[in-house]
Amino acid sequence: MALTTQKFLDIFGYIVSIIVILVGLAMIFGLLLSQTHTNYRILFGIVLLLYGIYRSVTIRLKQRKNFYNEDHSS
């Protein structure tokens, strides 16, 4: 099974999304930037968490759109 460029980019996008979500959670729980003011750390952690979720949802929607277009283009 050949790994196409688009599949590779989708997998890479999911990996980056997971990393961003984990970093956001680590900031929220104080595992990263513990010396930073709590409100700023939590706010930045929430922003990263939401961005990671947004990124994974947009990748999934793009996959569904591409699958639908490939299925009906023949």
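Here are the numbers:
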{"quantity": "Residue selected from the range 1-38 under the condition touching a residue at least 40 places away in the same chain (Cβ under 8 Å) and out of contact with any Ser or Thr (no Cβ under 8 Å at 6 or more places or on another chain), by the criterion surrounded by the most Cβ atoms within 10 Å (Cβ to Cβ)", "calculated": "D10"}
{"quantity": "Answer residue from the range 39-49, given it is of a type outside the set (G, A, S) and in contact (Cβ under 8 Å) with a residue 12 or more places away in the chain and is farthest from F67 (Cα to Cα) among those", "calculated": "R41"}
{"quantity": "Some residue of the range 9-29 being assigned to a loop (DSSP other than H, G, I, E, B) and either within 30 Å of N66 (Cα to Cα) or of a type in the set (S, T, N, Q) (or both)", "calculated": "no"}
{"quantity": "Any chance R41 is surrounded by 15 or more Cβ atoms within 10 Å (Cβ to Cβ), basic (K, R) and not in a loop (DSSP other than H, G, I, E, B)", "calculated": "yes"}
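Coordinate-derived values only; no laboratory data. Every value quoted in this text rests on a predicted model; they were computed, and no experiment measured them. Note that each Cβ is placed from the backbone with ideal geometry, even for glycine, and that neighbours are counted across all protein chains shown.
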